[in-house]
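Nothing in this text is a laboratory measurement; each read-out follows from the coordinates by a stated rule. Nothing here was measured: the structure is a model prediction, and the numbers come from that model. FYI the Cβ positions are ideal-geometry reconstructions off the backbone, even for glycines, and counts take in every protein chain you see.
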Amino acid sequence: MKKNNLAGVFVLLVFAVFMVSVLLILLSGADTVQKLTSRDQQTYSQRTAVQYLATRVRQADRRGTVRTDEAEGTSVLILTEEIEGAEYCTMVYCYDGYLREMLCPAGISLPLEFGEKILPAESFSVTLEDSLLCAELQLTEEEAKTVYLDLRSEGGSEA
């Protein structure tokens, strides 16, 4: 009888070691997955922010329609367009922890808090020299992206 009890205890002990090993492997894998997910989210935010800015500027890139300004102490990218005979401005800026976009009629100044939240961001600054647009976007304390866009329309003729 003692041999059967000893064999049973041995089997349970081997099973327990096996389960502890599986648990440690799962915990190790979960930590790795969490780190990969966090890294992928940061990369996604960076790519999305850069692509968003580049796309918005390229869509509005006509002579005299892309400019920079400051509103309420915040750097603002202003993209002008004509909609059904009226001139509108799309303002891209950072306010209250978000990169925001606001469409309003030209010449009308609305509070920056009215802008649509696009992405979480710490700060945004934009400069335009000749036909080179430089946008610096701080997504988090560790992540900063600088985008340089050469405006194609600045050298062309007015149409």
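Can you say whether residue 43 is of a type in the set (S, T, N, Q) and assigned to a strand (DSSP E or B), as far as the supplied structure shows? Give the steps one after another, and end with the answer.
Details: of a type in the set (S, T, N, Q): yes; assigned to a strand (DSSP E or B): no.
No, not satisfied.
Among the residues of region 52-62, are any touching a helix residue (DSSP H, G or I) at 6+ places or on another chain (Cβ under 7 Å), within 30 Å of residue 151 (Cα to Cα) and either assigned to a strand (DSSP E or B) or not polar (S, T, N, Q) (or both)? Reasoning before the result, please.
The first filter runs over region 52-62 and keeps only residues touching a helix residue (DSSP H, G or I) at 6+ places or on another chain (Cβ under 7 Å), leaving 61-62.
Narrowing further to those that are within 30 Å of residue 151 (Cα to Cα): 61-62.
In the following step, the residues that additionally are either assigned to a strand (DSSP E or B) or not polar (S, T, N, Q) (or both) were identified as 61-62.
The answer is yes; a qualifying residue exists.
Restricting to region 72-116, give me the number of residues that are more than 20 Å from residue 139 (Cα to Cα), in contact with an Asp or Glu (Cβ under 9 Å, 6 or more places away or on another chain) and not aliphatic (A, V, I, L, M).
Number of matching residues: 9.
Filter region 98-125 for residues that are surrounded by 13 or more Cβ atoms within 10 Å (Cβ to Cβ), under 15 Å from the mean Cα position of the chain (by Cα) and not aliphatic (A, V, I, L, M) and give the result.
Taking region 98-125 and keeping what is surrounded by 13 or more Cβ atoms within 10 Å (Cβ to Cβ), we get 98-104, 110, 112, 115, 117-125.
Restricting the remaining residues to those that are under 15 Å from the mean Cα position of the chain (by Cα) gives 98-101, 117-125.
Residues satisfying the conditions are 98, 100, 101, 117, 120, 122, 123, 124, 125.
Using the structure shown, decide if residue 95 is within 30 Å of residue 147 (Cα to Cα) and either in contact with a helix residue (DSSP H, G or I) (Cβ under 9 Å, 6 or more places away or on another chain) or loosely packed, with under 15 Cβ neighbours inside 10 Å (or both). Before the answer, list the steps.
Details: within 30 Å of residue 147 (Cα to Cα): yes; either in contact with a helix residue (DSSP H, G or I) (Cβ under 9 Å, 6 or more places away or on another chain) or loosely packed, with under 15 Cβ neighbours inside 10 Å (or both): yes.
It is true that residue 95 is within 30 Å of residue 147 (Cα to Cα) and either in contact with a helix residue (DSSP H, G or I) (Cβ under 9 Å, 6 or more places away or on another chain) or loosely packed, with under 15 Cβ neighbours inside 10 Å (or both).
Inside region 46-70, can you point out the residues that are more than 15 Å from residue 91 (Cα to Cα), among the basic types (Lys, Arg) and in contact (Cβ under 8 Å) with a residue 40 or more places away in the chain?
62, 63
Considering only region 63-91, how many residues are surrounded by fewer than 19 Cβ atoms within 10 Å (Cβ to Cβ), in a strand (DSSP E or B) and not β-branched (Val, Ile, Thr)?
10
Filter region 57-87 down to residues that are among the charged types (D, E, K, R) and farther than 16 Å from residue 131 by Cα, then give me how many there are. It would help to see each step written out before you state the result.
So the first thing to find is which residues in region 57-87 are among the charged types (D, E, K, R), and the list is 58, 61-63, 67, 69-70, 72, 81-82, 84, 87.
If we keep only those that are farther than 16 Å from residue 131 by Cα too, we end up with 70, 72, 81-82, 84, 87.
Result for region 57-87: 6.
Considering only residues that are of a type in the set (Ser, Thr, Tyr) and either more than 17 Å from residue 140 (Cα to Cα) or in contact (Cβ under 8 Å) with a residue 12 or more places away in the chain (or both), which ones fall in region 29-45?
We begin by selecting, within region 29-45, every residue of a type in the set (Ser, Thr, Tyr); these are 32, 37-38, 43-45.
Once the filter is applied, which keeps residues that are of a type in the set (Ser, Thr, Tyr) and either more than 17 Å from residue 140 (Cα to Cα) or in contact (Cβ under 8 Å) with a residue 12 or more places away in the chain (or both), region 29-45 yields 32, 45.
Looking only at region 92-107, how many residues end up being within 19 Å of residue 121 (Cβ to Cβ) and outside any strand (DSSP E or B)?
Going through region 92-107 one residue at a time, the tally reaches 2.
Taking the options 41, 51, 59, name whichever one is under 20 Å from the mean Cα position of the chain (by Cα) and over 20 Å from residue 116 (Cβ atoms).
Values: 51 fails: over 20 Å from residue 116 (Cβ atoms); 59 fails: over 20 Å from residue 116 (Cβ atoms).
Exactly one residue qualifies, and that residue is 41.
Going by the structure shown, is residue 140 of a type in the set (Val, Ile, Thr), without any contact (Cβ under 8 Å) to a residue 60 or more places away in the chain, exposed (fewer than 14 other Cβ atoms within 10 Å of the Cβ) and touching an Asp or Glu at 6+ places or on another chain (Cβ under 7 Å)?
Working: of a type in the set (Val, Ile, Thr): yes; without any contact (Cβ under 8 Å) to a residue 60 or more places away in the chain: no; exposed (fewer than 14 other Cβ atoms within 10 Å of the Cβ): yes; touching an Asp or Glu at 6+ places or on another chain (Cβ under 7 Å): yes.
Considered against the rule, which asks whether it is of a type in the set (Val, Ile, Thr), without any contact (Cβ under 8 Å) to a residue 60 or more places away in the chain, exposed (fewer than 14 other Cβ atoms within 10 Å of the Cβ) and touching an Asp or Glu at 6+ places or on another chain (Cβ under 7 Å), residue 140 comes out as no.
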